[in-house]
Amino acid sequence: MADFEFNPETFDDRKIFVRAASVLSRADEAARRTDAFSGAIVRRHLRAEAVAIAGLEGHAVRTEALCRLIGNRDTTHLDRGTKLAADLYYALELSAKWGDGVPDAEAVLELFTVSDASSGRLMRPDLVWSLEEDASWLVQEMASLAEAPDPWAALDVVRRIWTSGRFQSCARRMAMLTAPWVLAKGFELHEQAYGLAQRARARIDSFKDAGRIQDTWSMVAGAAVAEAGEAALRLVDDHRAERAALLAICPPERTSSSVYAAVDFVMGTPVFTVKGLCEALDLTPRGAKVVLDKMEDAGLLEVEGGSRNRNYVCRRTL
């Protein structure tokens, strides 16, 4: 993906924002019409964003490694970057549950704490006080959008967080963790908008330079948001096609009606344990075995590990 080049002679962010608003609106509507959005598609977004945010902090994370850690928290021998990406994933799960109201400072602190869980950071009293101040500041930034939703203002809120230097030098992380909520509020969407972190990671030099000047940031980030919306639209279409293909390979029957739910589960969680499947679908171990046997026989799942530490892997959805 080529870096966006700002040309002051042709500067006109109105066209970019019209495009961004249009594509985000269509993506938002498509998400609302997709019953699986609250599950598999969101988890795919969260994984991709977590990998991208970890990349912004200098870690090259393999999506498969992240899936393994998310699907089985007892997984060992993983590198620091994968552990960070998992923390970011769990933090994004928290912010994904934020509603229309502005999250309070406690929610923001929890977001940072979860994202920073594997860092081993020693929290001295003075650092705790500083983080509390940073959280209050971020809440005020987000509250400005609740009072007057506006796309330009939303992206500038992201810029101010990005360049703030707050949160123990994790300001960019917090900007990207809160961006889905901020964009949804600024563009008046029903669902949170994902993908900005992935574009920032792909063109990090442009984002670094643009952060100094509001107009340049509007052009660079606005174009990135439009691209993210287009990618979200494609993901919805791809998800529908992929789901149909998986159900064709492993068609549900009366004796295994849970296959529908299991297919949706593996699309969002490609690596999992029996316990994880049972908890997600409210199945008994015996009921889970019926479904797993059918999916194994159809060639959808691979089994790894022994009986006491067994993972199921759906490579088609990794």
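Could you tell me whether D87 is more than 23 Å from K275 (Cβ to Cβ), of a type outside the set (A, V, I, L, M, F, W, C) and buried (at least 18 other Cβ atoms within 10 Å of the Cβ)? Against the criterion (more than 23 Å from K275 (Cβ to Cβ), of a type outside the set (A, V, I, L, M, F, W, C) and buried (at least 18 other Cβ atoms within 10 Å of the Cβ)), D87 does not qualify. Of all residues being of a type in the set (F, W, Y) and out of contact with any Phe, Trp or Tyr (no Cβ under 7 Å at 6 or more places or on another chain) in region 179-214, which is surrounded by the most Cβ atoms within 10 Å (Cβ to Cβ)? Just the residue, please. So the residue we want is Y194.
Close contacts from region 81-94, counting a first residue that is closer than 17 Å to T178 by Cα and a second that is of a type in the set (F, W, Y), with Cβ to Cβ under 8 Å and a gap of 6+ residues or different chains, come to A91/F112. Scanning region 259-318 for residues that are in contact with a strand residue (DSSP E or B) (Cβ under 6 Å, 6 or more places away or on another chain) and in contact (Cβ under 8 Å) with a residue 40 or more places away in the chain returns V271, F272, N311, Y312, V313.
Restricting C278, C314 to residues that are open to solvent by less than 40 Å² (accessible area, probe 1.4 Å) and over 23 Å from the mean Cα position of the chain (by Cα) narrows the list to C278.
With respect to the conditions (1) open to solvent by 30 Å² or more (accessible area, probe 1.4 Å); (2) modelled with pLDDT of 95 or more; (3) under 22 Å from the mean Cα position of the chain (by Cα); (4) among the acidic types (D, E), E133 lacks only one, and its number is (3).
Taking first residues from region 102-130 that are without any contact (Cβ under 8 Å) to a residue 24 or more places away in the chain and partners that are open to solvent by 30 Å² or more (accessible area, probe 1.4 Å) and in a loop (DSSP other than H, G, I, E, B), the Cβ contacts under 8 Å between residues at least 6 apart in sequence or on separate chains come to A107/W98.
Sub-6 Å Cβ pairs linking a first residue in region 207-231 that is under 18 Å from I53 (Cβ atoms) to a second residue that is β-branched (V, I, T) and surrounded by fewer than 19 Cβ atoms within 10 Å (Cβ to Cβ), at least 6 apart or interchain, are G211/T163, ordered by first then second residue. For region 56-140, the helices (runs of 4 or more DSSP H) that sit wholly inside it and include 1 or more residues that are over 22 Å from R172 (Cβ atoms) are 63-71, 105-115. Scan region 288-303 for residues that are farther than 11 Å from F272 by Cβ, not in a helix (DSSP H, G or I) and not small (G, A, S) and the total you get is 3. If you go through region 271-287 and keep only what is assigned to a helix (DSSP H, G or I) and farther than 21 Å from A86 by Cβ, you end up with C278, L281, P285, R286, G287. Candidates V271, V263: the one that is surrounded by 15 or more Cβ atoms within 10 Å (Cβ to Cβ), modelled with pLDDT of 90 or more, touching a Leu at 6+ places or on another chain (Cβ under 9 Å) and under 30 Å from L24 (Cβ atoms) is V263. Summed over region 35-60, residues that are within 17 Å of the chain's Cα centre (by Cα) and within 28 Å of C278 (Cβ to Cβ) total 16. If you filter region 215-241 down to residues that are among the small types (G, A, S) and closer than 23 Å to A91 by Cβ, you find that the one that is surrounded by the most Cβ atoms within 10 Å (Cβ to Cβ) is A221.
The values are calculated or read from the model by the stated rules, or taken from the named source; none is laboratory data. In this text the structure is predicted, and so the values were computed from the model without any measurement. Note: ideal-geometry Cβ built from the backbone for every residue, glycine included; neighbour counts use all protein chains shown. Accessible surface areas use protein heavy atoms only, side chains included; no ligands, DNA or RNA. Shrake-Rupley method; radii C 1.70, N 1.55, O 1.52, S 1.80 Å.
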